[in-house]
1. Give me the distance between the Cα centres of the range 279-304 and the range 358-379, rounded to whole Å.
2. In degrees, nearest 10, range 0 to 90: what is the angle between the Cα axis of helix 368-377 and the longest Cα principal axis of the chain?
3. Output needed for the range 172-246: three equivalent-ellipsoid semi-axes, defined as square roots of 5 times the C-alpha gyration tensor eigenvalues, in descending order, whole Å.
4. With a 10 Å radius around each residue's Cβ, average the other Cβ atoms per peptide and rank 33-39, 164-170, highest first.
5. Please compute, for the alpha-carbon atoms of the range 230-397, the extent along each of the three principal axes and give them in descending order in Å.
6. Binning at 10 Å from 0, report for the range 192-285 what percent of all alpha-carbon pair distances ends up in each bin.
7. Mark the label point 7 Å from the Cα of residue 293 along Cα→Cβ and return the residues of the range 320-336 whose backbone N is within less than 20 Å of it.
8. Could you put 391, 246 in order, starting from the residue whose Cβ has the fewest other Cβ atoms within 10 Å?
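Derivation of every value follows stated rules applied to the coordinates shown; laboratory data play no part. Keep in mind it's a predicted model, so treat the numbers as computed, not measured. Note that each Cβ is placed from the backbone with ideal geometry, even for glycine, and that neighbours are counted across all protein chains shown.
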């Protein structure tokens, strides 16, 4: 005779249900781990839970313990995602009122087989206006007539033991949910809470990084402009060099993060000229040997200035090497090819091309054919061949203009 009980007394049907619940939680966890995009994450949560139980509406709210406020974060009703940005926050209601407040206060799931009856304990009822997505409070008698929800489950979301929000599913059918649905939704809610918090943290970090990047870009641009104010003949030179250098790096398939470091280096590569007298920088004739030696000091001066700044790239060293040449004929260290940073090799070509393409007090600008001939002649000896080829391709296609 078969038994429906485990030897230790556990009901086999209950055990099978618990195993299945754990399987669903594990699947849910793996699915949520595939994205950190918050809007997509909410949709993924909604889709998974709606596949397991009757769900005409799905809501996620956050709870801020310091302010004791509940805020709508995601609302989908009848397949439509509503814009919750204009939804008012709901204060945590006093004991005995508010279904979300009850869940937050008790920390327990709330199974509501008759939603309209339960809403009589909520002080304010909001609904959707006809122009889609705008919430508005209704008089209770009007609101209760407009409510189409007939049953619901609300469960708390916890992170490290603290309640951070509520997940709510609603149905247009009375008594649509079982106690097993309540138990499963409660288990899924805690997985969802961790995934949502991780996505929010990542979004905050991205926003903070973007703000820092904007601040860095502004500071770099300001320094570059300070350099060029002293030498009107090269105004815009560093920006144009940066544009060409980045275009070459993109042609070579560099990662965007590495290109960002190259761009910063290019925008600052002549900052060392702040130490050179303005009359030498703007001299309308060829420089004397002594004056030329002074100009040659600018990579070292820039390096000495910038080495005190903590960049995520070797900016000071790139700038120090941007006048080095593969055969050791460059300055200030006379480095050979293997010792020169890749960014400095690109910067060397970009700097020369931009300088030749611009007018100077002592000579007119070179035409494109002259520029091509000049850098081609130095390919493999002064400049890296693949960088020269990428630059020639850019010039040929007209993707960069002085």
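1. Between the Cα centre of the range 279-304 and that of the range 358-379, the gap is 20 Å.
2. Once rounded, one gets 80 degrees.
3. Output for the range 172-246: semi-axes of 58, 11, 9 Å.
4. 164-170, 33-39
5. Largest to smallest, the principal-axis extents are 41, 40, 28 Å.
6. 15, 32, 26, 16, 7, 3, 1, 0
7. So the set is 323-324, 329-335.
8. So the residues, fewest neighbours to most, are 246, 391.
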